[in-house]
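Sharing a structure here in structure tokens format.
The values are calculated or read from the model by the stated rules, or taken from the named source; none is laboratory data. As the structure is a computational prediction, the values presented were derived from the model and not from experiment. Neighbour counts run over all protein chains shown; Cβ positions are idealised from the backbone, glycine included.
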Amino acid sequence: SAVISQKPSRDICQRGTSLTIQCQVDSQVTMMFWYRQQPGQSLTLIATANQGSEATYESGFVIDKFPISRPNLTFSTLTVSNMSPEDSSIYLCSVAAENQETQYFGPGTRLLVL
Amino acid sequence: GEDVEQSLFLSVREGDSSVINCTYTDSSSTYLYWYKQEPGAGLQLLTYIFSNMDMKQDQRLTVLLNKKDKHLSLRIADTQTGDSAIYFCAESTGGYQKVTFGTGTKLQVIP
């Protein structure tokens with residue numbers, strides 16, 4: 001299984017600001033995914049990030065609000081832009097290599113927006 | 001669209017078996033997963049089953065799949081206090097495809 005780290009592990013931010021979350025994996029992976037887990041809720045996929053192409057966003061999520069970078073096969077960033085208290089969530093990245101049967105999740109970034 | 005449903009809460013006594021149930025709607029689901037999330041922690045993959053299987057056992061964990069009824073269950077034998085967590089059922093059509101998660105079942109183990 002892959003070892004995944006995320007930075008920061010948690011943050012408290014003011015509304016109107018932006019936060020960039022980093023996801024680093026210890027091996028090259030084809031696909032990286034970003035999920036959001038709102039308080040007391042399940043996980044919802046924000047977008048899929050492939051290296052060398054634009055991220056694919058799920059319904060209800062847009063690039064202007066959640067820009068994503070995927071500069072290489074071991075790293076991705078998610079930015080939460082112009083934050084409001086409704087963005088307070090845990091943001092998790094996950095990875096999968098092609099032909100793998102499972103996704104492995106990072107430890108998550110706990111974001112509180114005041 | 002895909003939908004995965006679970007009961008929200010389960011309480012069991014230490015040493016008893018726990019059974020967490022899940023139903024899903026996507027008939028094209030290929031993989032069905034159980035993830036565990038402890039308070040303040042990330043998501044841990046516990047086990048998964050391929051859709052052409054009806055049972056998988058891994059130490060204290062037994063997964064049963066009824067594909068006809070689209071019903072998945074996770075049985076934890078000899079439940080311990082360390083098993084207290086939220087358990088998410090999830091499905092996908094492949095490891096590198098979108099994973100759709102259930103609502104999560106909070107398991108409380110009473111000493």
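Scan (1) at pLDDT 90 or above; (2) surrounded by fewer than 19 Cβ atoms within 10 Å (Cβ to Cβ); (3) hydrophobic (A, V, I, L, M, F, W, C); (4) closer than 22 Å to A:Ile90 by Cα for the single condition B:Ala41 breaks and write down its number.
That leaves (1) as the condition not met.
Looking at the range A:48-61, which of the residues that are under 15 Å from the mean Cα position of the chain (by Cα) and facing another protein chain (nearest Cβ under 10 Å) is surrounded by the fewest Cβ atoms within 10 Å (Cβ to Cβ)?
A:Thr56
Let me ask something else about it. Could you pull out every one of the strands (runs of 3 or more DSSP E) wholly within the range B:19-82 that has 1 or more residues that are farther than 21 Å from B:Glu5 by Cβ and without any contact (Cβ under 8 Å) to a residue 24 or more places away in the chain?
Values: elements: B:31-37, B:43-50, B:55-58, B:61-66, B:71-76.
In the range B:19-82, the matching strands (runs of 3 or more DSSP E) lie at B:43-50, B:55-58.
Could you tell me whether B:Thr103 is in a loop (DSSP other than H, G, I, E, B) and within 14 Å of B:Gln6 (Cβ to Cβ)?
Numbers: in a loop (DSSP other than H, G, I, E, B): yes; within 14 Å of B:Gln6 (Cβ to Cβ): yes.
It is true that B:Thr103 is in a loop (DSSP other than H, G, I, E, B) and within 14 Å of B:Gln6 (Cβ to Cβ).
In addition: Out of A:Leu92, A:Leu78, A:Leu45, report the one residue that is away from every other protein chain (no Cβ under 14 Å), assigned to a strand (DSSP E or B) and surrounded by 14 or more Cβ atoms within 10 Å (Cβ to Cβ).
Details: A:Leu92 fails: away from every other protein chain (no Cβ under 14 Å); A:Leu45 fails: away from every other protein chain (no Cβ under 14 Å).
Going through A:Leu92, A:Leu78, A:Leu45 in turn, just one is away from every other protein chain (no Cβ under 14 Å), assigned to a strand (DSSP E or B) and surrounded by 14 or more Cβ atoms within 10 Å (Cβ to Cβ): A:Leu78.
Per-residue answers, yes or no, for (1) within 27 Å of A:Val29 (Cβ to Cβ); (2) within 12 Å of the chain's Cα centre (by Cα); (3) more than 14 Å from chain A (Cβ to nearest Cβ):
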residue	(1), (2), (3)
B:Val63	yes, yes, no
B:Lys67	no, no, yes
B:Ser73	no, yes, yes
B:Asp78	no, no, yes
B:Gly82	no, no, yes
B:Phe88	yes, yes, no
B:Thr100	yes, no, no
B:Gln108	no, no, yes
B:Pro111	no, no, yes
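Now for a separate question. Does the range A:95-114 hold any residues that are in contact with a Leu (Cβ under 9 Å, 6 or more places away or on another chain) and either facing chain B (nearest Cβ under 9 Å) or farther than 16 Å from A:Lys7 by Cα (or both), and which are they? Working first, answer last.
Taking the range A:95-114 and keeping what is in contact with a Leu (Cβ under 9 Å, 6 or more places away or on another chain), we get A:102-109, A:111, A:113.
Answer for the range A:95-114, where residues must be in contact with a Leu (Cβ under 9 Å, 6 or more places away or on another chain) and either facing chain B (nearest Cβ under 9 Å) or farther than 16 Å from A:Lys7 by Cα (or both): A:Thr102, A:Gln103, A:Tyr104, A:Phe105, A:Gly106, A:Pro107, A:Gly108, A:Val113.
Next up: Scan the range A:2-14 and give yes if some residue there is of a type outside the set (Lys, Arg), assigned to a strand (DSSP E or B), buried (at least 18 other Cβ atoms within 10 Å of the Cβ) and within 14 Å of chain B (Cβ to nearest Cβ), otherwise no. Quick ask: steps written out before the conclusion?
Here is the first cut: in the range A:2-14, the residues of a type outside the set (Lys, Arg) are A:2-6, A:8-9, A:11-14.
Okay, now just the ones that are also assigned to a strand (DSSP E or B), so A:4-6, A:11-13.
In the following step, the residues that additionally are buried (at least 18 other Cβ atoms within 10 Å of the Cβ) were identified as A:4, A:6.
Restricting the remaining residues to those that are within 14 Å of chain B (Cβ to nearest Cβ) gives A:4, A:6.
Scanning the range A:2-14, I find at least one residue that is of a type outside the set (Lys, Arg), assigned to a strand (DSSP E or B), buried (at least 18 other Cβ atoms within 10 Å of the Cβ) and within 14 Å of chain B (Cβ to nearest Cβ), so the answer is yes.
Assuming A:Ser42 fulfils every condition listed in (1) out of contact with any Gly (no Cβ under 7 Å at 6 or more places or on another chain); (2) modelled with pLDDT under 95 apart from one, which condition is it?
With respect to (1) out of contact with any Gly (no Cβ under 7 Å at 6 or more places or on another chain); (2) modelled with pLDDT under 95, A:Ser42 is out only on (1).
Residue-by-condition table, conditions (1) in contact with an Asp or Glu (Cβ under 6 Å, 6 or more places away or on another chain); (2) not acidic (Asp, Glu):
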| residue | (1), (2) |
| --- | --- |
| B:Asp16 | no, no |
| B:Asn21 | no, yes |
| B:Ser29 | yes, yes |
| B:Leu32 | yes, yes |
| B:Tyr35 | no, yes |
| B:Ala41 | no, yes |
| B:Met55 | no, yes |
| B:Leu61 | no, yes |
